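For reference, the structure is listed below as structure tokens.
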Amino acid sequence: MSLVSLPQSLQKDLPLTALAPMQDVTNLWFMKVIAHYGSPDYFFTEYFRVNDTSRLNRHILAAITENDTGRPVFAQMIGESIPDLVRTAKELCKYNIAGVDLNMGCPAPRIYRKNVGGGLLREPEKVDQILGELRAAVNDKPLTVKMRVGFENTDNFSKILDLINRHNIDLLSLHGRTVKDMYHGEVKYDLIAEAVRRVDCPVLANGNIKSAKTALEVLSQTGAAGVMVGRWAIGNPWLFNQIRQALRGEEITPVPLVEVRNYIDRLWQTPTGSTMPERARVGYLKMFLNYIALSVDTEGHFLRLMRRVQTEAEMFNLCDRVFLVDMTKTLALAPSLTI
């Protein structure tokens with residue numbers, strides 16, 4: 001067993017919560033936005049790309065060095081060159097990180113075709129080597145892994161779980177779909193439960209945790225140490241607070257749609273926004289609105305109209321019509337999953 005311990009959670013008697021690392025989303029600015037509405041226990045950076053010419057990306061590094069959220073930040077790496085992963089891990093350990101996280105789950109084809117991210121799940125022997133070398137290099141901080149249950153099937157799942165144990169990984173974040181599933185189809189929570197039984201470290205359950213109610217059901221079904229939430233936290237940044245309320249047996253505080261409208265204003269104020277052409281800035285906001293739309297309007301009217309708008313004025317007129325017409329309306333709490 002590893003001798004290093006994970007950072008303290010916000011409330012030590014409650015299961016953990018983490019914001020999933022999402023490329024082009026979970027930068028320093030977005031971590032601060034989430035923290036404004038209620039931080040998770042743990043943040044994870046976007047991935048540092050690792051290869052023979054890579055250097056630490058300054059933009060991603062800022063999420064560690066300039067982070068004033070008060071929450072621990074794990075530095076995530078993606079790559080397959082062992083000497084370069086070791087070099088990068090050692091460089092990252094010089095900073096105030098909560099631990100080093102290896103990405104073995106990214107489902108983007110342009111990533112897995114390079115045998116990195118989720119592509120590594122096809123090669124348990126390679127994973128064995130990588131984890132062995134990284135464990136030797138990262139010995140005074142947690143070494144963590146984020147992965148999926150397999151590449152296109154789950155044939156290697158047990159083998160990889162054994163490697164997680166062999167190399168004393170300190171925390172496993174497990175998305176209950178395969179790489180090829182991307183974000184579609186059922187999440188195999190039964191396999192997350194199997195991982196919880198088999199590995200020695202805490203497991204964060206990841207995949208379609210869309211509400212506090214879902215989080216409680218997934219924790220109960222899997223026995224996981226906590227939940228990692230990605231896309232649904234973009235749509236509902238209050239979710240981590242709501243999960244904590246639900247875990248404490250409290251009523252979940254409803255979020256008025258006018259607050260969602262304020263959140264959209266906050267998203268518009270991205271630090272790089274003022275230097276972006278209007279169309280690009282509107283496009284960037286739409287990336288977030290795609291997720292907000294799912295919680296606001298299950299019929300999809302807002303989503304369809306939002307995707308058509310092209311200017312700032314059109315965008316905010318639409319948002320005002322949807323969010324400010326009825327001041328009594330609140331953000332829908334997503335339905336629970338069926339187990």
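Structure summary
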{"read-out": "Among (1) in contact with a helix residue (DSSP H, G or I) (Cβ under 6 Å, 6 or more places away or on another chain); (2) of a type outside the set (S, T, N, Q); (3) at pLDDT 95 or above; (4) under 23 Å from HIS59 (Cβ atoms) - the single one LYS286 does not satisfy", "value": "(1)"}
{"read-out": "Meets criteria (open to solvent by 50 Å² or more (accessible area, probe 1.4 Å) and closer than 18 Å to ARG321 by Cα) for ASN290", "value": "no"}
{"read-out": "Where LEU219 falls short, out of the listed (1) within 25 Å of PRO7 (Cα to Cα); (2) over 20 Å from the mean Cα position of the chain (by Cα)", "value": "(2)"}
{"read-out": "Answer residue from segment 43-74, given it is in a loop (DSSP other than H, G, I, E, B) and farther than 27 Å from LEU10 by Cβ and is most open to solvent (accessible area, probe 1.4 Å) among those", "value": "ARG55"}
{"read-out": "Index of the failed condition, CYS319 passing every other in (1) surrounded by 16 or more Cβ atoms within 10 Å (Cβ to Cβ); (2) at pLDDT 95 or above; (3) part of a loop (DSSP other than H, G, I, E, B)", "value": "(3)"}
{"read-out": "Selected residue (only one of LEU121, LEU131 is touching a His at 6+ places or on another chain (Cβ under 8 Å), modelled with pLDDT of 95 or more and surrounded by 16 or more Cβ atoms within 10 Å (Cβ to Cβ))", "value": "LEU131"}
{"read-out": "Criterion (surrounded by fewer than 20 Cβ atoms within 10 Å (Cβ to Cβ) and touching a residue at least 60 places away in the same chain (Cβ under 8 Å)) met by exactly one of ASN103, ASN115, ASN96, ASN139", "value": "ASN139"}
{"read-out": "Some residue of segment 231-241 being of a type outside the set (Lys, Arg), without any contact (Cβ under 8 Å) to a residue 24 or more places away in the chain and touching a helix residue (DSSP H, G or I) at 6+ places or on another chain (Cβ under 9 Å)", "value": "no"}
{"read-out": "Segment 155-187 - residue that is under 18 Å from the mean Cα position of the chain (by Cα) and among the hydrophobic types (A, V, I, L, M, F, W, C) and, of those, nearest to ASN206 (Cα to Cα)", "value": "LEU174"}
{"read-out": "Subset tally (residues that are crowded, with 16+ Cβ neighbours inside 10 Å and either outside any loop (DSSP other than H, G, I, E, B) or modelled with pLDDT under 95 (or both)) for segment 8-22", "value": "6"}
{"read-out": "Tally of residues being closer than 18 Å to GLY283 by Cβ, open to solvent by 50 Å² or more (accessible area, probe 1.4 Å) and assigned to a helix (DSSP H, G or I) across segment 243-271", "value": "2"}
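The values are calculated or read from the model by the stated rules, or taken from the named source; none is laboratory data. Everything quoted here is computed from the prediction, not taken from an experiment. Counting neighbours? That spans all protein chains shown, and the Cβs are built from the backbone with ideal geometry, glycine included. Keep in mind that these areas ignore ligands, DNA and RNA; they rest on the heavy atoms of the full protein, side chains included. Shrake-Rupley method; radii C 1.70, N 1.55, O 1.52, S 1.80 Å.
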